Amino acid sequence: MTQDNNTQWTLGILGGSGLYDLAGLENKEWVSVSTPWGAPSDDILFAEMNGVRLRFLPRHGRGHAISPSDVNYRANIDALKRSGCTDILSISAVGSLQEPYAPGDFVMINQMIDRTFKRETSFFGAGCVAHVSAADPICERLSGLAGDAAVAAGANVHRPKAGKDLTYVAMEGPQFSTKSESRIYRQLGCDVIGMTNMPEAKLAREAELPYATIAMVTDYDCWHETHGSVDVASVIAVLQQNSATAQKAVLNLIQTLSATPRTACPQDIETNLDVAIITAPDARDPKRMAMLDAVAGRYLKQS
């Protein structure tokens, strides 16, 4: 289960149960994928639709048994790469930090701030050092296609504009923000807040996988004067309302990909390790290099 070529879309989808229950999926099979970084959150559902290969991974496991801080993000990204994914779409619940992004809206973020502190953030380290650029953490092409699909599904979609990024701040959790934290993130210009997309996006970049997020707003965090503080019940209620729209968006995206031959990402994401690994070949630790067989497989084959 390696990435055999980049000429056909193989879309990895990280999200909840409604996504892997899509009607019309063919050749469905839950597959256990082992990684040198430990176990991923769950087995991966291999499926196809309209000629597009799909890989669904429940980020928190089926039944949502894994806390955001306990997700093995390295294993998840490695497992998706081993499963042949060419691109990854994250569908995540977020709190809104700005008035225009109301519960029920979808936000196509293009920037991120990582405020997590308990998580392993890189595949590289002792034995092989790499510095991958994360300046633009989101794949513009995939995000654009996913945003179009969400609009066609009837969602109220917010997108970046010239001079205005849409920024996701990742907090550690599992608790929700204090009011002071929420106010500080607003002052920093952040737009939405969540607990899962970092270091996930950085790891996808290290694995040379284009990554995009559909951020589904469930609440106004706790800063909004006329809305109560966020709680699980309110989040789940809005998530359930958004579930059908999210499913339609994924179906629309699959339709688009089936009619769009895949070419190399314009942002050169699939070759970014060429200018990232700094450790000389004769100084690389064989054990570390063996662990990188999937995420850095393309680079290692040519180096």
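A short reminder: the numbers here are calculations on the coordinates, not readings from a lab. This one's a predicted model, so the numbers in the text were calculated from it and none came from an experiment. Note: ideal-geometry Cβ built from the backbone for every residue, glycine included; neighbour counts use all protein chains shown.
Computed over the stretch 64-179, the convex hull of the alpha-carbon atoms projects to a mean area of 9.7 nm². Rounded to the nearest 0.05, the FRET efficiency derived from the C-beta distance between residue 275 and residue 175 at R0 = 30 Å is 0.15. Counting only alpha carbon atoms, the long axis of helix 232-258 and the longest principal axis of the chain meet at about 50°. By the count of other C-beta atoms within 10 Å, a proxy for reagent exposure, 191, 136 are ordered fewest to most as 136, 191.
What is the calculated FRET efficiency for residue 263 to residue 122, with r their C-beta to C-beta distance and R₀ = 45 Å, to the nearest 0.05? Let's see the in-between values first.
Details: r = 28 Å, r/R0 = 0.63.
Approximately 0.95, to the nearest 0.05.
Farthest toward the positive end of the dipole of the chain, out of 22, 40, 253, is the Cα of 40, where the dipole comes from beta carbon charges about the Cα centre. Loop-located trypsin sites (Lys or Arg not before Pro) across the stretch 77-125 with a Cβ neighbour count of 12 or fewer within 10 Å are 118, with loop assigned by DSSP.
Applying 1/(1 + (r/R0)^6) with R0 = 22 Å to the Cβ-Cβ distance of residue 113 and residue 23 gives a FRET efficiency near 0.05.
Between residue 93 and 216, the built amide H atoms are under 5 Å apart, and every one of these is 5 or more places off in sequence or on another chain. The ellipsoid equivalent to the alpha-carbon distribution of the stretch 90-302 has semi-axes of 33, 22, 14 angstrom, derived from the gyration tensor eigenvalues as √(5λ) and listed largest first. Summarising the label geometry, the points placed 7 Å from Cα in the beta-carbon direction at residue 8 and residue 188 lie 4.2 nm from one another. The charge dipole of the stretch 90-302, taken about the Cα centre with unit charges on the Cβ atoms of Lys, Arg (+1) and Asp, Glu (-1), comes to about 220 debye, rounded to the nearest 20.
Residues 216, 49, 171, ranked from the fewest to the most other C-beta atoms within 10 Å, line up as 49, 171, 216. Where in the stretch 95-134 are there chymotrypsin sites (Phe, Trp or Tyr not before Pro) that are in a DSSP coil and have at most 13 other Cβ atoms within 10 angstrom of their Cβ? Listed in order of number, the matching sites are 117.
A cut-off of 5 Å between modelled amide H atoms, ignoring neighbours fewer than 5 places along the same chain, links residue 211 with 88, 139. The tail of the calculated P(r) for the stretch 171-294 beyond 26 Å holds 47 percent of all Cα-Cα pairs.
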